[in-house]
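The values are calculated or read from the model by the stated rules, or taken from the named source; none is laboratory data. On a predicted model such as this, the values are computed, not experimentally measured, just so you know. Note: ideal-geometry Cβ built from the backbone for every residue, glycine included; neighbour counts use all protein chains shown. The area values use the complete protein model at the heavy-atom level, side chains included, leaving out ligands, DNA and RNA. Shrake-Rupley method; radii C 1.70, N 1.55, O 1.52, S 1.80 Å.
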Amino acid sequence: MKVLSVVGARPNFVKIAPLMAEMRKHTGIRPLLVHTGQHYDLEMSDSFFQELGIPQPDINLEVGSASAARQVAQIIERLEPVLVAERPDIVVLVGDVNSTLAGALTAVKLGIRVAHVEAGLRSFDRTMPEEINRVLTDAISDLLFASEPSGVENLLKEGRPANQIFLVGNVMIDTLKTCLGRARQLEPLGDPEIGSENGSDPPAGFALVTLHRPSTVDNACVLRIVWQALEEIGKAIPIVFPVHPRTRKRLRDLGLELMGIAPPFARPNGIRLISPLSYLRFLHLESLATFVVTDSGGIQEETTVLGVPCLTVRENTERPITVTEGTNTLVGLDPERLKEEARQILCGKGKRGRAPALWDGQAAQRIVETLQQQLPAS
Ligand code: UD1
């Protein structure tokens, strides 16, 4: 069975790692990996391949940064001849990025079966680029692997047949469980790149912040409001903020970036801006944080399993189980709510939560078993 997986952006790499490792255990499976090149630099791509032991991609389409339409168009154009030459039995796609949608469209147009890992998640907010990617990818996928029960319910409501939907758990948590021990052996702030004045120890208590969604950072008004709330929070607890390239540009445009620069925790606003971290360093920091402020999807899931309270700066989440069972609280774009929830956590009233069913480190194994059952040997 030839299984061709397509990845392109940072969260894809975390999700494909356990699947590639699992597929390589089976002699009956020939896994191929295509990197679209949506993310391409050391921090956003290469460090993930190195740390997570993902095999070097068989093919890199090198599309690079562009508007969503150009990215999707270029991936389709460059992936088509690869699929025609390789004729895989199935194309596997993970997550909700532009590379996910482009991979699904290319395969389905060639009559190749498509499997979507992390199917059925819905924010019901069609202004999010990721929501469009999710809805369209699920509509044309043959095998739908859901990470939480809401995914199954959403797919059934959209009319997808029950026999194509499999609740398998969360591959991102497979990676977390595999890597946490190794991550904890690293000095999270000891990297010279991050600043030697940090020494090797993170502060005793700190809040970890990540923001990168266009709806948060591309809107100057929203970014200013969130930043002001962070400055307030920073007076009570030091903030460590690894900055995504998109966010760095926006902060620079608003003249805010300089305000957070080293020395780390002596700044009046208490916000320490650092470069994007490798997976392992970030995971270690996340596990040590008093709480996390984020607009990311995957981080809502990771904090739930780590038992770290998470304040999500969004009006909605496509991962509702992190709120109902986990440590996640949606604070919307309301700075007062963000500050109040942070205060509550600092008073010891943060959510503790529990790991959802099937978030046990075995999701990739279930997916590969299902692939073998569903696809006749060729
Ligand atoms: C993409 C995903 C988002 C995911 C995020 C993780 C879509 C629609 N969005 O958003 O769901 O959470 O990745 O990071 O696919 N850049 C670099 N180096 C790189 C790649 C990008 O500096 O290796 C910069 C470029 O200036 C680029 C910008 O980051 O314009 C944004 O990259 P892009 O691929 O458009 O999407 P993300 O915002 O990263």
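Listed values, structure above:
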read-out: Carbon and sulfur %, accessible surface of the chain computed with the full protein complex present, 1.4 Å; value: 52
read-out: Modelled FRET efficiency - R0 22 Å, Leu42 with Asp253, Cβ distances, 0.05 increments; value: 0.35
read-out: Listed residues Thr324, Thr312, Thr175, most fluctuating in the chain (Gaussian network, C-alpha, under 10 Å); value: Thr324
read-out: Under 14 Å from the Arg182 label point (7 Å along Cα→beta-carbon), backbone N, the stretch 1-32; value: 14-22
read-out: Under the span-like rule (Cα at least 18 Å along the axis, Kyte-Doolittle mean at least 0.0), DSSP H helices of the chain; value: 10-23, 68-86, 171-184, 220-236
read-out: Helix-only mean residue ellipticity at 222 nm for the chain, each DSSP H run of n ≥ 4 adding -39500 (n - 2.57), per residue, nearest 500; value: -13000 deg cm²/dmol
read-out: Projected label distance in nm at Arg246 and Lys157, using a 7 Å step from Cα toward the beta-carbon; value: 2.5
read-out: Backbone N within the stretch 108-122 under 20 Å of label point (7 Å from Asp218 Cα along the Cβ vector); value: 122
read-out: Hull volume in cubic angstrom per residue (convex hull over the Cα atoms of the chain); value: 124
read-out: Val84 accessible area, 1.4 Å probe, all protein chains in place, Å² to nearest 10; value: 80
read-out: Farthest toward positive dipole pole in the stretch 233-374 [+1 Lys/Arg, -1 Asp/Glu at C-beta], among Pro245, Asn328, Cys310; value: Pro245
read-out: Greater than 21 Å apart at Cα, pairs in Lys109/Lys157; Lys157/Lys177; Lys15/Lys177; Lys235/Lys349; Lys235/Lys339; Lys25/Lys109; value: Lys109/Lys157; Lys157/Lys177; Lys25/Lys109
read-out: Whole-number accessible area per residue in Å² for the chain, which is evaluated in the context of all protein chains at 1.4 Å; value: 40
